[in-house]
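Working notes for the structure below.
The values are calculated or read from the model by the stated rules, or taken from the named source; none is laboratory data. Quick caveat, the model's predicted, so the values are computed rather than measured. Cβ: placed from backbone, ideal geometry, glycine included. Neighbour counts: every protein chain shown. SASA here: full protein model, heavy atoms, side chains in, ligands and nucleic acids out. Shrake-Rupley method; radii C 1.70, N 1.55, O 1.52, S 1.80 Å.
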Amino acid sequence: MSDQEKDCECPEGRVKNRNGDCVMPAVSFISLILSLNTTALFHLGELPHPETGQKSMDLELVRHSIDTLVMLEEKTKGNLEKDEQELLDRVLYELKMRFIKAKDGQS
């Protein structure tokens with residue numbers, strides 16, 4: 001990778017705006033759902049810690065992320081766009097299945 005390409009990259013979690021500045025991405029319902037999903041996957045041990053590279057599991061924190069998504073689903077019922085609702089439904093289903101599998105694996 002050239003120095004020019006490195007200069008064009010943004011730090012993790014940031015994107016370039018129209019002026020070429022590295023900024024946080026726009027806040028949206030979808031970005032919130034994806035953030036909570038990533039958090040849950042991290043606590044399921046499916047994503048490594050960004051600094052240590054270690055993976056660890058904390059099912060209590062996974063459950064908390066799932067409960068937060070369920071609360072959002074309840075509070076936004078009837079107010080979401082189709083793509084938002086579909087993403088929320090899919091993320092919740094997949095996280096619940098992974099949680100059950102992880103919990104059964106610890107028994």
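Brief remarks on what is shown
Quick grid of which residues meet (1) within 17 Å of residue 28 (Cα to Cα); (2) of a type in the set (Phe, Trp, Tyr); (3) modelled with pLDDT of 95 or more; (4) over 14 Å from the mean Cα position of the chain (by Cα):
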site	(1), (2), (3), (4)
51	no, no, no, yes
60	no, no, yes, yes
64	no, no, yes, no
74	no, no, yes, yes
83	yes, no, yes, yes
88	yes, no, yes, no
91	yes, no, yes, no
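- Considering segment 42-68, the residues that are charged (D, E, K, R) and closer than 16 Å to residue 102 by Cα include one that is least open to solvent (accessible area, probe 1.4 Å), namely 58.
- Considering residues of segment 69-84 that are in contact (Cβ under 8 Å) with a residue 40 or more places away in the chain and open to solvent by less than 60 Å² (accessible area, probe 1.4 Å) only, the residue nearest to residue 104 (Cα to Cα): 72
- Cβ pairs under 6 Å, 6+ apart, first in segment 85-107 and open to solvent by less than 90 Å² (accessible area, probe 1.4 Å), second among the small types (Gly, Ala, Ser) and in a helix (DSSP H, G or I): 95/40
- Residue in segment 21-43 that is part of a loop (DSSP other than H, G, I, E, B), touching a residue at least 24 places away in the same chain (Cβ under 8 Å) and among the β-branched types (Val, Ile, Thr) present: no
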